[in-house]
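The values are calculated or read from the model by the stated rules, or taken from the named source; none is laboratory data. Because the structure is a prediction, the values reported are computed rather than measured. Here the Cβ positions follow ideal geometry from the backbone for every residue, glycine too, while neighbour counts run over all protein chains shown.
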Ligand SMILES: C[S@@+](CC[C@H](N)C(=O)[O-])C[C@H]1O[C@@H](n2cnc3c(N)ncnc32)[C@H](O)[C@@H]1O
């Protein structure tokens, strides 16, 4: 690591506790090792006379990493840099960082003291703007944008809409605008949360990426909390490299546990493995050596939920909206309200001493959200950091509570059939399938955040109804002896069957 990057890294740790608007402005500065890696992804042949953009530049670590590479590899004697940073404290340091390069190469630089969203939309909209006049488009962009939800009524949302970008987070807004500011063939390297890869809210953003760029490289940090370990960010992050107007070919996929890149692995995958050709949701999959190929290995896992006659929905009772209906313990006139805590392995612990309520008053407000008592498979929506698996499933056995109807809270996903229970064999079959290690790995290929949403469960493939029922019957006759190993072995046996029969 160069001395300058090392100094910036120390500075980052010093400045970190001094940032007063840290969460408001998403000020999580990139460690130097990550910056250096990001800069290394740019195509060396294109690093000649670059026009570099760094949106939300912090203390300038990312731009410095690119300039250091240009100097070290002697790819160019000159560069133009535009850095945009809203925070005055960081901007001061940014100025002095950039000035250090003036004796290393012919550098033109501009520090823009604006809100990037405003600055970029202005440039894109205004025909007379400098950008349009001089036709300034960037050849390179490197960014670690702020992460923050943008509400539908916010100023930022209106601004990005005015240039045709529809998205829900500052990071995707920054990246979307950056894409628009690039010249054809220009390369963008950005570190962002993985949440854009799936889920309905980011669909327009995925569409923008796929329409206007080629995805060249995706790097995945395997550990959810290690890429920004000094900042305690619990988020799965990816580094993405895009080429504006590029022709989509194979995609390089790399992984490392953390920012030391010690266990770095690099493979290339055909694009059809990243975005499935028929997928209307345009999910972006990140295959890794551990999770890859589940569906290829088990061709019998090819059914949609619709095929097996099951639906999945988010638990309809949102507890904070019906606070006055909640009761700590069951009482006259209430029915059970199920939370993830009630489901432990194959059993239902009800009622349970816990912070959350156990029951909800049954009246006409609540009635429409209640389900008839029956067999339902449930999946936690939010897994905790400690949990080994991302998908944690349980089953409601109707015999565990003596009520005609029950409520499922919003923190659960519920597998049902037309808002009614499903056959017991199916409920336990889904339980075993979803709790298996193989499915957990398969799920991680396309889901990077801690949430498991109904859309994700709907997008997955399942074994046939018959196979799920075989699994279910096996669970029902072995309740007391089933652990992770047994589930994994039994699933393998059941879904492997076809292959053995057909070969
Ligand atoms: C995640 S930090 C990354 C900083 C730097 N790029 C790095 O990698 O170390 C995001 C940066 O964006 C800046 N920022 C946040 N909102 C901004 C906005 N609307 N316009 C410009 N900069 C913004 C923050 O002050 C912060 O420096």
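What number of residues in region 158-170 are out of contact with any helix residue (DSSP H, G or I) (no Cβ under 8 Å at 6 or more places or on another chain) and either under 23 Å from residue 237 (Cβ atoms) or within 15 Å of the ligand (Cβ to nearest atom) (or both)?
Of the residues in that region, 1 qualify.
Here are some residues: 79, 72. Which one is in contact with a strand residue (DSSP E or B) (Cβ under 6 Å, 6 or more places away or on another chain) and not in a loop (DSSP other than H, G, I, E, B)? Please lay out each step first, then the result.
On the way: 72 fails: in contact with a strand residue (DSSP E or B) (Cβ under 6 Å, 6 or more places away or on another chain).
The unique qualifying residue is 79.
Residue by residue through region 23-44, note down the ones that are in contact with a strand residue (DSSP E or B) (Cβ under 9 Å, 6 or more places away or on another chain) and either over 20 Å from residue 239 (Cα atoms) or near the ligand (Cβ under 10 Å from one of its atoms) (or both).
30, 34, 35, 38
How many residues, within region 45-65, are more than 12 Å from the ligand (Cβ to nearest atom) and buried (at least 18 other Cβ atoms within 10 Å of the Cβ)?
4
Among the candidates 104, 20, which residue alone is modelled with pLDDT under 90, surrounded by fewer than 17 Cβ atoms within 10 Å (Cβ to Cβ), more than 10 Å from the ligand (Cβ to nearest atom) and not in a strand (DSSP E or B)? Show your work before the answer.
Numbers: 104 fails: modelled with pLDDT under 90.
So the residue among 104, 20 that is modelled with pLDDT under 90, surrounded by fewer than 17 Cβ atoms within 10 Å (Cβ to Cβ), more than 10 Å from the ligand (Cβ to nearest atom) and not in a strand (DSSP E or B) is 20.
Any residue at all in region 423-434 that's within 21 Å of residue 315 (Cβ to Cβ), at pLDDT 95 or above and within 20 Å of the chain's Cα centre (by Cα)?
yes
Can you tell me which residue among 98, 90 is assigned by TED's automatic domain parsing to the domain that holds residue 201, closer than 27 Å to residue 238 by Cβ and not in a strand (DSSP E or B)?
Selected residue: 90, the only one of 98, 90 that is assigned by TED's automatic domain parsing to the domain that holds residue 201, closer than 27 Å to residue 238 by Cβ and not in a strand (DSSP E or B).
Do you know which residues across region 258-293 are touching a strand residue (DSSP E or B) at 6+ places or on another chain (Cβ under 7 Å), under 18 Å from residue 217 (Cβ atoms) and in a loop (DSSP other than H, G, I, E, B)?
Once the filter is applied, which keeps residues that are touching a strand residue (DSSP E or B) at 6+ places or on another chain (Cβ under 7 Å), under 18 Å from residue 217 (Cβ atoms) and in a loop (DSSP other than H, G, I, E, B), region 258-293 yields 263, 264, 274, 286, 287, 288, 289.
For region 89-101, enumerate the residues that are within 14 Å of the ligand (Cβ to nearest atom) and in contact with a helix residue (DSSP H, G or I) (Cβ under 9 Å, 6 or more places away or on another chain).
89, 90, 93, 94, 97, 98
Would a scan of region 77-88 turn up a residue that is away from the ligand (no atom under 16 Å from the Cβ) and over 25 Å from residue 120 (Cβ atoms)?
Taking region 77-88 as the starting set, the residues that turn out to be away from the ligand (no atom under 16 Å from the Cβ) are 77-80.
Narrowing the set further to residues that are over 25 Å from residue 120 (Cβ atoms) leaves 77.
Yes, region 77-88 has at least one match.
Within region 370-397, can you find the residues that are surrounded by fewer than 18 Cβ atoms within 10 Å (Cβ to Cβ) and not in a strand (DSSP E or B)?
384, 385, 386, 387, 388
Only one residue in 80, 85 is modelled with pLDDT of 95 or more and out of contact with any helix residue (DSSP H, G or I) (no Cβ under 6 Å at 6 or more places or on another chain). Which one?
Details: 85 fails: out of contact with any helix residue (DSSP H, G or I) (no Cβ under 6 Å at 6 or more places or on another chain).
Selected residue: 80, the only one of 80, 85 that is modelled with pLDDT of 95 or more and out of contact with any helix residue (DSSP H, G or I) (no Cβ under 6 Å at 6 or more places or on another chain).
Considering only helices (runs of 4 or more DSSP H) fully contained in region 155-256, which possess at least 3 residues that are under 27 Å from residue 44 (Cα atoms) and modelled with pLDDT of 95 or more?
Qualifying helices (runs of 4 or more DSSP H): 170-180, 203-212.
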